[in-house]
Amino acid sequence: MAHQGYPRRRFIELGASILTMGVAAPAFARDADLAIIVHGRNREPLAAAEVEAIFRTARRYWSNGDPIVAFNLVPGSTERTEFDQAVLKLSPAATARYWIDRKIRGGAPPPRTAPNANVLLNVVASLPTAIGYVSPELLRPDVRVVAWVKNAGVVSARGLAPASWGNV
């Protein structure tokens, strides 16, 4: 019975190697603007509204009780502007006002800021409780996509058929 896990593991390894070559990006990923990612072992599904709640710090814990560590890219970056408009539904100026208001009212601080997408990707890949976002072309097998930003909207990976988004 121990050998039954081998084909699945081999299949996953093969898929990971194809993804690292950049050949097998899912069709949806090729059209997406951003991929919202978590650590590769985090299997928690997230709806689009839950992603928004996490990045507005209204939701601060994973379902297992671990604290969520959310990461943004720097304000003014193309990805950050696009993310804020699609996920938070706020312009850059409105996003800044939102966090100032939260600070004045004693709310939770904003997500941490990563200086660039490669740092964000490395942190999410190494921190099991992290969540962030990157361009789809940066995806690699040690992170998992929980949602896509496409055409200024968020599509939860939970709502897509697995064949359309794969393990990335």
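Mind counting the residues in region 151-168 that are under 13 Å from the mean Cα position of the chain (by Cα) and modelled with pLDDT of 75 or more?
Number of matching residues: 2.
Which residues, counting only those in region 35-71, are of a type in the set (A, V, I, L, M), at pLDDT below 95 and in a loop (DSSP other than H, G, I, E, B)?
Matches in region 35-71: Leu46, Ala47.
Tell me, please, whether a residue that is acidic (Asp, Glu) and either assigned to a helix (DSSP H, G or I) or without any contact (Cβ under 8 Å) to a residue 12 or more places away in the chain (or both) can be found in region 72-82.
Yes, there is a match, as at least one residue in region 72-82 is acidic (Asp, Glu) and either assigned to a helix (DSSP H, G or I) or without any contact (Cβ under 8 Å) to a residue 12 or more places away in the chain (or both).
Within region 57-71, which residues are more than 14 Å from the chain's Cα centre (by Cα) and either within 11 Å of Ala108 (Cβ to Cβ) or open to solvent by 50 Å² or more (accessible area, probe 1.4 Å) (or both)?
Those that are more than 14 Å from the chain's Cα centre (by Cα) and either within 11 Å of Ala108 (Cβ to Cβ) or open to solvent by 50 Å² or more (accessible area, probe 1.4 Å) (or both): Thr57, Ala58, Arg59, Arg60, Tyr61, Ser63, Asn64, Asp66, Pro67.
Would region 76-89 turn up any residue that is out of contact with any helix residue (DSSP H, G or I) (no Cβ under 9 Å at 6 or more places or on another chain), surrounded by 12 or more Cβ atoms within 10 Å (Cβ to Cβ) and within 19 Å of Gly153 (Cα to Cα)?
Yes, the conditions are met somewhere in region 76-89.
The values are calculated or read from the model by the stated rules, or taken from the named source; none is laboratory data. Here the structure is a predicted model, which is why all the values come from computation and not from measurement. Counting neighbours? That spans all protein chains shown, and the Cβs are built from the backbone with ideal geometry, glycine included. Just the protein is used for accessible areas: all its heavy atoms, side chains included, with ligands, DNA and RNA removed. Shrake-Rupley method; radii C 1.70, N 1.55, O 1.52, S 1.80 Å.
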